[in-house]
Amino acid sequence: MKLAVKAFAACALSAVFSFGAMAADAPSRKQAPTAPATPSSDWSAEITLYGWAIGINGTVQTFPRVPPVHANVGFNELLKNLDGGIMLSASAIADRYVFFGDLIYAKVSPKKNFRIDPRYDLSGTMTLDLNDFMGLAAGGYRVYSDPTTSLDLLIGARVFSVGTSVNFALDAGSRQLADAQLADRTKTWVDGVVGARAVYKLTDNVRLTGIAFVGGLSSKYEWDVFASIGYDFTKNWSAFVGYRALGVNYRSDGFIYDVVQQGPLVGITARF
């Protein structure tokens, strides 16, 4: 008897729930049909402004009839002659697809003053204008990700453009007698690159970042390595300090740019 009652109760409850589900599924005359939900896009992006205390070491020849010069210039010397520049990087990720870009532009104008004839107060100024541009664009795939670690594999291209001009001015006292451009040359080339970026979170606010690229096409070779430690002040803002070294060996038509640029850097990142 008890088993019969339990069976009947189970059948009754099943019928009630089935009827309730059918009633919930039935369209109401007073309720308009709801639009299907659109999938949310899982993407994020960040922009970084940074300063790189670059020192340069290597061999440079900008004009065919001028002998190659071994350059060993520290950051202090570059800073004294710096006319302006910008350094920034950007990255974005949608699902597991990654974009990474880096841009550096600097104009340096070292000057050399000399006396020609003290009797007539004649003097001259030789100015060497250097315009240096490097731009990297790469795409890739996030091959590994967990709450503390991510690893991206990247492939792309880097553009180099080095412009050099030599200018001479002749002065007599406070008057300028002549101003002429003696030489001007710009060399631009493109290399293919492959690389990787790894991020490891030591804590919720402290992260380690490493980036490396190697490549070549127009150059014999190029390489670029970067390592930093950063601190997240908020979800959207962080700062970091680190070290970067970049080497390139390009030779073409009497132009040589075989240099290593390296030094510490500091930057701030905005995420959105």
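The values are calculated or read from the model by the stated rules, or taken from the named source; none is laboratory data. Keep in mind that what you see is a predicted model, and the values were worked out from it rather than measured. Cβ placement follows ideal geometry from the backbone for every residue including glycine, while neighbour counts extend to all protein chains displayed.
Quick one: residue 211 ticks every box in (1) of a type outside the set (Gly, Ala, Ser); (2) part of a loop (DSSP other than H, G, I, E, B); (3) surrounded by 18 or more Cβ atoms within 10 Å (Cβ to Cβ) except a single one, so which number is it?
(2)
Please find, among 224, 204, 232, the residue that is farther than 15 Å from residue 59 by Cα, among the acidic types (Asp, Glu) and surrounded by fewer than 14 Cβ atoms within 10 Å (Cβ to Cβ).
Of 224, 204, 232, the one residue that is farther than 15 Å from residue 59 by Cα, among the acidic types (Asp, Glu) and surrounded by fewer than 14 Cβ atoms within 10 Å (Cβ to Cβ) is 204.
Can you tell me which residue among 241, 248, 193, 266 is touching a Phe, Trp or Tyr at 6+ places or on another chain (Cβ under 9 Å) and surrounded by fewer than 16 Cβ atoms within 10 Å (Cβ to Cβ)?
Residue meeting the stated conditions: 266.
Would region 169-190 turn up any residue that is of a type outside the set (Val, Ile, Thr), in a strand (DSSP E or B) and at pLDDT 95 or above? Can you show your working first?
Kept after step one, since they are of a type outside the set (Val, Ile, Thr), are these residues of region 169-190: 169-185, 187, 189.
Subsequent filtering for residues that are in a strand (DSSP E or B) retains 169-172, 175-185, 187, 189.
Pick out the ones that are also at pLDDT 95 or above and you get 189.
Yes, the conditions are met somewhere in region 169-190.
Quick one: would you say residue 196 is within 23 Å of residue 158 (Cβ to Cβ), small (Gly, Ala, Ser) and modelled with pLDDT of 95 or more?
Yes, satisfied.
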